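Here the structure comes first, spelled out in structure tokens, and everything after it is commentary.
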Amino acid sequence: MKKNTIKLTRKIQVVVDLPTAEERKEAIGKLYDWQDRAYRTANLMASHLYVQEMIKEFFYLSEGIQYKLVDEQKEPNGILQTSRMNTIYQVTSKRFKGKMPTNIISCLKATMYSNFKKNRDAYWRGESSLMNFKRDMPFPFTTEGMSKLVYDNEKKAFCFRLFKIPLKTYLGRDHSDKWKLLQRVTRGELKLCTSHLQLKDGKTFWLAVFELEKEKHALKPGVVAEVSLSLEYPLVLKVGTKRFPIGTKEEFLHRRLAIQAARKRAQVGVTYAKSGKGRKRKLKALESYRQMERNYIKNRLHVYSRRLIDFCVQQQAGTLMLMNQEDKIGIAKEEEFVFRNWSYYELITKIKYKANKAGIEVIVG
């Protein structure tokens, strides 16, 4: 049975809401400590799960050993003192209990075990390596770890406590749906799910996960919309005899190529740039153009995918077929210019996400 809800993740900047600089510094230091221990916990859990899964490979020199990766109290051949999920919790909680909230360890346990099960076959075949988590990895927490979210009229911000540390949101000139989503949570209209907190580049971000119902449209499963990627148009949609080209080659490439040309000119001038603070100072302009290009691509792909789904809703198409994608991508790979400047994979990802939100079934052909 299909789920009628969808989970949305929004990146929201938060700041520690304490009166003095010393208190804020102490609180931020505690958050950094938790993030550091969370990434170490994740790596430990991944290692133990892999060893448990591959333990039969370590017994290849022995004979007559009977074992099962289950609790020894439940199975006579079991070699574990508890369940597999509990083993990774026991290992990490003994090392970090009291140094970080157990709520974070429990969230990591569930996430790591679920992800490992999905990739288990690929690990066994040697087609994939274990995930390696870095120091800036966001750490998870459930709603039990945070107090009720409220809007403070005096501070003009949404405030909450994360494991007794007071935080408030900083939305800036936010014109997206973040403010509306948070307001609906305070009213009890939306549910907050397991979220994450990340400290990076001197800022703190709350990766809030909201669960809301899918959009309800009068869609007909029998009406099939066919969309194909084109070198002349980013997207071409066909519904019956109707054809809807979305965007143009010139519209997408003109601005992107202009940014790339400006970046190339800045790259030539890097040699003569004032060093000041070293490499970072010299490459500041290059990084600015690189980020500008990323933002432009992201904006265009959002616009194209949004137009596509709007057309499908207007035509009451309940099924969306992505036609001949492998062939198109193969052609793009043969031409270096096209492959570099045409963001096929990212566009397909955005189409699937928006289609799922609108309740449209996606079939990749």
Anything over 26 Å Cα to Cα? Flag those among LYS99/LYS180; LYS249/LYS298; LYS117/LYS164, in the order listed.
LYS99/LYS180; LYS117/LYS164
Given H placed 1.01 Å from N in the peptide plane, which residues other than close sequence neighbours of LEU235 have an amide H under 5 Å from its amide H?
SER230, ILE246
Contour minus Cα-Cα distance for TYR272 and ASN153 (0.36 nm per residue)
37.8 nm
Per residue value of the accessible surface for segment 86-193 (all protein chains in place, 1.4 Å probe), Å²:
63 Å²
HN-Hα couplings for segment 279-290 via Karplus (6.51, -1.76, 1.60; θ = phi - 60°), in whole Hz with x for Gly/Pro, come out as 4, 4, 5, 5, 8, 4, 5, 4, 5, 4, 5, 4
How many nm separate the modelled label positions at VAL15 and ARG265, each set 7 Å beyond the Cα in the direction of the Cβ?
3.7 nm
Name the residues whose placed amide hydrogens come within less than 5 Å of the amide hydrogen of LYS191, ignoring near sequence neighbours (fewer than 5 apart) on the same chain.
GLU211
Share of accessible surface on carbon and sulfur in segment 121-173, whole %, 1.4 Å probe and ligands ignored, is 47 percent
Return the sequence-ordered ³J(HN,Hα) values of segment 124-129 in whole Hz as given by the Karplus equation 6.51 cos²θ - 1.76 cosθ + 1.60 applied to θ = phi - 60°, using x for Gly and Pro.
5, 7, x, 8, 8, 9
State the extension gain, in nm to one decimal, for the chain segment bounded by THR186 and GLU53, taking 0.36 nm per residue of separation less the distance between their alpha-carbons.
43.5 nm
Gained length - ARG243 relative to GLU213, 0.36 nm times residue gap less alpha-carbon distance
7.7 nm
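The values are calculated or read from the model by the stated rules, or taken from the named source; none is laboratory data. Quick caveat: nothing in here was measured; it's all calculated off a predicted structure. Here Cβ is always computed from backbone atoms with ideal geometry, including for glycine, and neighbour counts include all displayed protein chains. Calculation scope for accessible area: heavy atoms of the full protein, side chains included, ligands and nucleic acids excluded. Shrake-Rupley method; radii C 1.70, N 1.55, O 1.52, S 1.80 Å.
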